[in-house]
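Undergrad: Please see the structure below; I have some questions.
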Amino acid sequence: MGGISAILGRLWSTSGFMLLTDVRQVVMIVLACILLYMGIHKKYEPLLLVGIAFGMLLTNLPGSGLYHPELWDAYIEGAMGLGEVIHEGGLLDILYIGVKIGLYPSLIFLGVGAMTDFGPLLANPKSLLLGAAAQFGIFTAFLMALILKFPANVAASIGIIGGADGPTAIWLTSILAPDYLAPIAIAAYSYMALIPLIQPPIMKALTTEKERTTVMEQLKPVSQRQKILFPIVVTIFVCLLLPSVAPLLGCLMLGNLLRETGVTARLSDTAQNGLMNTVTIFLSVSVGATARYDRFLNVRTLAIIGLGLMAFIFATIGGLLIGKLMYKLSGGKINPLIGSAGVSAVPMAARVSQVEGQKANPSNFLLMHAMGPNVAGVIGSAVAAGLLLALFG
Amino acid sequence: MSIGTGVVYSLLGIAVVFAALTMLMVIVVLLYRFTTPKAEAPAPVRAAEPPQTQEIVEFGFPEAPGSAGGVKLYDTPEKDAAMVMAIVADAMGKPLNELRFLSIRRVDAENGGSNEI
């Protein structure tokens, strides 16, 4: 009898319940459950948020030994190599290598490229200006972060939240400020999911009823040859201009080329589905794992969440203002509402433009027109990320 | 980094993004110009003459933006036409707005009538 109680006692003393000594661990477990609720029940970016929340849950369960941030600290300081991290680390440490070396975001971009139709952008190249304008949020948030005394590399990573592009934010942050990866990724994906709530009030405040009712002309047709040449030309031009962006943009354009060639349907299908889904699981869980209680729960995380919101707001404002300018210059032919779609977040932001346009004029169909700035925003945020990496990397 | 330097970096950053995407816009315009075949003189098209008995519905209102244009309906109710277009789009695995339907004619099986989509 005494033997059994001794065994049970030993089992209890080595259990996670006994190691649950810090109230912050409980807070993080509760926070992970809230994020799971948001992802599953509210359907806020579920494909990523569920994985991130579960990774967060796993990493904060004491005694599991799945993720060791101290190993990564040693790796960054050069005291340890990747081989030693693999040897001494847990499952999530091994998965995290894909984030650390920038593999997952690039592979996600491969899938994004295979799923993206650049036709609306090719039909209306002026969309690229709206995609550029919406990057205003990145540099505004960067400045605000500097004012709040964040180091320049961290400020750049916070700013990239305004690109409304999860893989780009993760890619840049994992290089510039890996300690801040979890709050930045969570802020980016949370606000992307909240775009239908964040953007409409700004769109209404900055545009007039007359502007919102503008009906745009039908898009001109785009040939298959143009769609094939586009990713090749963009890769050559942008990667020569900003070589640091080559991993992201190269993969985006490769994925798009696989889609458009007409002779690589199987590869395109794999990039869009099998590969994309696999990498999404690895990426989301390993990013969530970096949100350990002793590193995540602090005032800086709250500041990042607040700055992320500012980044989204100013990105929307930037796109709308250039949209208004184009409305004036075109003699009222361009609906400024499509400017807000320049914040990437494909296709959510374009759908918001469509919904707001139809509220003003029920016979208005802005979706395809908004897809141009939307996909231009992906290119714009990748260019901005490459620039920030070149400046602060 | 000082705030002043940060302002300079921010202005530089947004300027570079604008410059890069503007250049890309020019490239796309050139790409479009050089890869679009010059418009040939339109060949005379003989208009299809529907049988006298058929009811022809042609939408008179302007084409919806983003759509592939109007569609002529020969002896076909609008609801049936919408269903046919949805089925064709689904069978082809293409979004409806990427397909162009010129006209839809009701097939008269007994008379061996042609179907035109």
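Undergrad: State whether the residues of segment A:153-172 include one that is on the phi > 0 side of the Ramachandran plot and more than 10 Å from chain B (Cβ to nearest Cβ).
TA: Yes, that holds for at least one residue.
Undergrad: Name, by its number, the condition in (1) free of Cβ contacts under 8 Å to residues at least 24 places away in the same chain; (2) under 30 Å from A:Ile322 (Cβ atoms) that does not hold for A:Pro46.
TA: Against the list (1) free of Cβ contacts under 8 Å to residues at least 24 places away in the same chain; (2) under 30 Å from A:Ile322 (Cβ atoms), A:Pro46 comes up short only on (2).
Undergrad: So for segment A:9-23 (the condition being of a type outside the set (A, V, I, L, M, F, W, C) and within 29 Å of the chain's Cα centre (by Cα)), does at least one residue qualify? Full working, then the answer.
TA: Filtering segment A:9-23 down to residues of a type outside the set (A, V, I, L, M, F, W, C) leaves A:9-10, A:13-16, A:21-22.
From the residues that got through so far, the ones that are within 29 Å of the chain's Cα centre (by Cα) too are none.
No, because not a single residue in segment A:9-23 is of a type outside the set (A, V, I, L, M, F, W, C) and within 29 Å of the chain's Cα centre (by Cα).
Undergrad: Could you tell me which residue of segment A:194-229 is nearest to A:Glu260 (Cα to Cα), considering only residues that are of a type in the set (A, V, I, L, M) and away from chain B (no Cβ under 14 Å)?
TA: Of segment A:194-229, the ones of a type in the set (A, V, I, L, M) are A:194-195, A:197-198, A:202-203, A:205-206, A:215-216, A:219, A:222, A:228-229.
Those still in the list that are away from chain B (no Cβ under 14 Å) too: A:194-195, A:197-198, A:202-203, A:205-206.
On the way: A:Leu194: 31, A:Ile195: 29, A:Leu197: 34, A:Ile198: 34, A:Ile202: 36, A:Met203: 34, A:Ala205: 39, A:Leu206: 37 Å.
Here the answer is A:Ile195.
Undergrad: Taking the condition of being assigned to a loop (DSSP other than H, G, I, E, B) and either of a type in the set (Val, Ile, Thr) or crowded, with 24+ Cβ neighbours inside 10 Å (or both), how many residues in segment A:123-139 meet it?
TA: Residues in segment A:123-139 being assigned to a loop (DSSP other than H, G, I, E, B) and either of a type in the set (Val, Ile, Thr) or crowded, with 24+ Cβ neighbours inside 10 Å (or both): 3 in total.
Undergrad: Since A:Val299 meets every condition but one in (1) more than 14 Å from chain B (Cβ to nearest Cβ); (2) aliphatic (A, V, I, L, M); (3) more than 28 Å from A:Ser223 (Cα to Cα); (4) touching a residue at least 24 places away in the same chain (Cβ under 8 Å), which condition does it not meet?
TA: The single condition A:Val299 does not satisfy is (4).
Undergrad: What helices (runs of 4 or more DSSP H) lie completely within segment A:205-317 and have 2 or more residues being surrounded by 21 or more Cβ atoms within 10 Å (Cβ to Cβ)? If you could, list the steps in order and put the result at the bottom.
TA: On the way: elements: A:209-212, A:224-241, A:246-260, A:265-272, A:274-289, A:293-296.
Output list reads A:224-241, A:246-260, A:265-272, A:274-289.
Undergrad: Residues in segment A:93-107: is at least one over 30 Å from B:Leu21 (Cβ atoms), out of contact with any Ser or Thr (no Cβ under 7 Å at 6 or more places or on another chain) and buried (at least 22 other Cβ atoms within 10 Å of the Cβ)?
TA: Scanning segment A:93-107, I find at least one residue that is over 30 Å from B:Leu21 (Cβ atoms), out of contact with any Ser or Thr (no Cβ under 7 Å at 6 or more places or on another chain) and buried (at least 22 other Cβ atoms within 10 Å of the Cβ), so the answer is yes.
Undergrad: Provide a single number: the residues in segment A:34-84 that are more than 20 Å from A:Asp294 (Cα to Cα) and surrounded by 17 or more Cβ atoms within 10 Å (Cβ to Cβ). Spell out how you get there, then give the answer.
TA: If we filter segment A:34-84 for residues that are more than 20 Å from A:Asp294 (Cα to Cα), which is where we start, we get A:36-51, A:78-84.
When the remaining residues are screened for being surrounded by 17 or more Cβ atoms within 10 Å (Cβ to Cβ), the result is A:36, A:38-39, A:44-45, A:48-51, A:80.
Looking only at that region, the number is 10.
Undergrad: Any chance you could count how many residues in segment A:111-121 are facing another protein chain (nearest Cβ under 8 Å) and either over 20 Å from B:Ala19 (Cβ atoms) or not in a helix (DSSP H, G or I) (or both)?
TA: Pass one, segment A:111-121, residues facing another protein chain (nearest Cβ under 8 Å): A:121.
Cutting the leftovers down to either over 20 Å from B:Ala19 (Cβ atoms) or not in a helix (DSSP H, G or I) (or both) gives us none.
The qualifying residues number 0.
Undergrad: Assess whether A:Pro196 counts as being in contact (Cβ under 8 Å) with a residue 12 or more places away in the chain, in a helix (DSSP H, G or I) and in contact with a Leu (Cβ under 9 Å, 6 or more places away or on another chain).
TA: Details: in contact (Cβ under 8 Å) with a residue 12 or more places away in the chain: yes; in a helix (DSSP H, G or I): yes; in contact with a Leu (Cβ under 9 Å, 6 or more places away or on another chain): no.
So A:Pro196 does not fit the description; no.
Undergrad: Starting from segment A:364-393, take each residue that is within 7 Å of chain B (Cβ to nearest Cβ) and list its partners that are charged (D, E, K, R), counting only C-beta distances under 8 angstrom and pairs at least six apart or across chains.
TA: Between residues of segment A:364-393 that are within 7 Å of chain B (Cβ to nearest Cβ) and residues that are charged (D, E, K, R), the close pairs are A:Leu367/A:Arg351.
Undergrad: If you check A:Ser330, A:Ser284, which single one turns out to be among the polar types (S, T, N, Q) and either within 12 Å of chain B (Cβ to nearest Cβ) or within 18 Å of the chain's Cα centre (by Cα) (or both)?
TA: Working: A:Ser330 fails: either within 12 Å of chain B (Cβ to nearest Cβ) or within 18 Å of the chain's Cα centre (by Cα) (or both).
Only one candidate qualifies: A:Ser284.
Undergrad: Test A:Ala349 against the stated conditions and say whether it is under 20 Å from A:Phe118 (Cα atoms), more than 12 Å from chain B (Cβ to nearest Cβ) and modelled with pLDDT under 90.
TA: Here the answer is no, as A:Ala349 does not meet what is asked.
The values are calculated or read from the model by the stated rules, or taken from the named source; none is laboratory data. The model shown is predicted, which means the values in this text are computed figures rather than measured ones. Every residue, glycine among them, receives a Cβ derived from its backbone with ideal geometry; neighbour counts consider all protein chains shown.
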